[in-house]
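The values are calculated or read from the model by the stated rules, or taken from the named source; none is laboratory data. A quick note: this is a predicted structure, and the numbers were derived from the prediction, not measured. Note that we place each Cβ from the backbone using ideal geometry, even for glycine, and neighbour counts take in every protein chain shown.
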Amino acid sequence: MLGTPLVQWLERKRVPHVPAVLLVLLVLIVLLLGGTGLVATSLGGFSADMPAYQERIQGQVPVLRALLADRGLHVTDKALLEYLNPAAVMTLAVSLLGGLGSALSNIVLILLTVLFILLEASSFPVKLRAVLGDPREKFPEFTKFVDDIQRYMLVATGLNLTAGVLIGIMLTVLGVNSPVLWGFLAFMLLYIPHVGSIIAAIPAVSLTLVLFGPGRAALVAAGYVLIQFTIGNVVWPKLVGRKMSLSTLVVFLSLVFWGRMLGLMGAVLCVPFTMTLKFLCENHESTRWIAVLLGPEAPDGSLPPA
């Protein structure tokens, strides 16, 4: 989805097909390795600082216990430490490092797959023309849908990257540790509708609360809300519009369904998958009513025309 438009753009600039594919693949390799290196470095620093975070949490336990006691809640230091145990965060950090290592071990297979897909992408329209004549004349809705899905992925990636960079800059200005890690986490999780933005904010806000107290944690939370609200509710509708809209309930249910089916990748790609299902339903008379239910609203209270 992301590489094919770049290959086509290079070919329009009179770059031969194979060099264009290799150039795009080289760019992808640089981005993947560079991004992975930055995140791994940031994650390593976060893991190294965990003992200091643990000491700070333990130092704040008596204060929190006294605050709860003033409100009639009497708990022991041991009980509080069980709930505020940073070992869980350490386990998460180690698992993330392991996940990055696993991704690097599969990167050759992934890049080879992308290479063959890009090499075949330009020949697919030729095959369609050989079978059907002019595919844009025979299947205008299909080609339009492919363009829409491609645009969705490009816009979503660009906006998520922008949000991740802005969040990283904000955290750097506010003095929060590991800003690259939290910016990357926001970039990845913002692909997940509704809950991704909330999950992305929790680690950075929690870390700020431990290090600097509730005042700066509130600033971090407000920064997350401002960035994500601006991109999600102001910029996104202007770039994408309503033509690829789905019902809010359908988006949430698709997140649950595809997430259970395919794990994290299903959660990330739940919207494109459901948009594909909606497109298929729109182009069959017997299932067009399903497409209406999947959309945000029925046009004029009726089914869309055939």
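Report whether or not Leu185 is without any contact (Cβ under 8 Å) to a residue 40 or more places away in the chain, under 12 Å from the mean Cα position of the chain (by Cα) and part of a helix (DSSP H, G or I).
Taking the combined requirement at face value, the residue satisfies it.
Given the conditions (1) part of a helix (DSSP H, G or I); (2) under 13 Å from the mean Cα position of the chain (by Cα); (3) in the same structural domain as Met170 (by TED's automatic domain parsing), and given that Ile192 satisfies all but one, which numbered condition is not satisfied?
For Ile192, the failing item is (1).
Name the pairs: first residue in segment 1-24 and more than 24 Å from Phe145 (Cα to Cα), second residue polar (S, T, N, Q), Cβ to Cβ under 7 Å, at least 6 apart or on different chains?
Every condition considered, the pairs that remain are His17/Ser122.
For Ile149, indicate whether it is modelled with pLDDT under 85, outside the structural domain of Gln8 (by TED's automatic domain parsing) and touching a helix residue (DSSP H, G or I) at 6+ places or on another chain (Cβ under 6 Å).
Yes.
Determine whether segment 262-276 contains at least one residue that is at pLDDT 85 or above and of a type in the set (A, V, I, L, M, F, W, C).
Within segment 262-276, one or more residues are at pLDDT 85 or above and of a type in the set (A, V, I, L, M, F, W, C).
Please go through segment 226-250 and pick out each residue that is modelled with pLDDT of 80 or more and either within 30 Å of Leu174 (Cα to Cα) or out of contact with any Ser or Thr (no Cβ under 7 Å at 6 or more places or on another chain) (or both).
If the condition is that a residue be modelled with pLDDT of 80 or more and either within 30 Å of Leu174 (Cα to Cα) or out of contact with any Ser or Thr (no Cβ under 7 Å at 6 or more places or on another chain) (or both), then Leu226, Ile227, Gln228, Phe229, Thr230, Ile231, Val235, Leu249 are the ones that fit.
Which residue is farthest from Leu294 (Cα to Cα), if the candidates are limited to segment 248-281 and must be of a type in the set (Ser, Thr, Tyr) and surrounded by fewer than 15 Cβ atoms within 10 Å (Cβ to Cβ)?
Thr276
Please go through segment 242-293 and give me each residue that is in a helix (DSSP H, G or I), over 21 Å from Leu2 (Cβ atoms) and small (Gly, Ala, Ser), ordered by number.
Ser254, Gly259, Ser286, Ala291
List every residue pair whose Cβ atoms sit under 8 Å apart, with the two residues 6 or more apart in sequence or on different chains, where the first one lies in segment 34-45 and is assigned by TED's automatic domain parsing to the domain that holds Ile107 and the second, anywhere, is loosely packed, with under 13 Cβ neighbours inside 10 Å.
Partner pairs satisfying both residue conditions: Thr36/Ala103.
Testing Gly223 on (1) surrounded by 17 or more Cβ atoms within 10 Å (Cβ to Cβ); (2) closer than 18 Å to Ala291 by Cβ; (3) modelled with pLDDT of 85 or more, one condition comes back false. Which one is that?
(2)
So Phe229 ticks every box in (1) touching a residue at least 24 places away in the same chain (Cβ under 8 Å); (2) of a type in the set (Phe, Trp, Tyr); (3) within 30 Å of Gly37 (Cα to Cα) but one. Which box is left unticked?
(1)
Table: residues versus (1) assigned by TED's automatic domain parsing to the domain that holds Phe212; (2) surrounded by 12 or more Cβ atoms within 10 Å (Cβ to Cβ); (3) modelled with pLDDT of 70 or more.
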| site | (1), (2), (3) |
| --- | --- |
| Arg14 | no, no, yes |
| Leu23 | no, yes, yes |
| Ile29 | no, yes, yes |
| Ala48 | no, no, yes |
| Gln54 | no, yes, yes |
| Pro62 | no, no, yes |
| Ala66 | no, no, yes |
| Asp70 | no, no, yes |
| Val89 | no, yes, no |
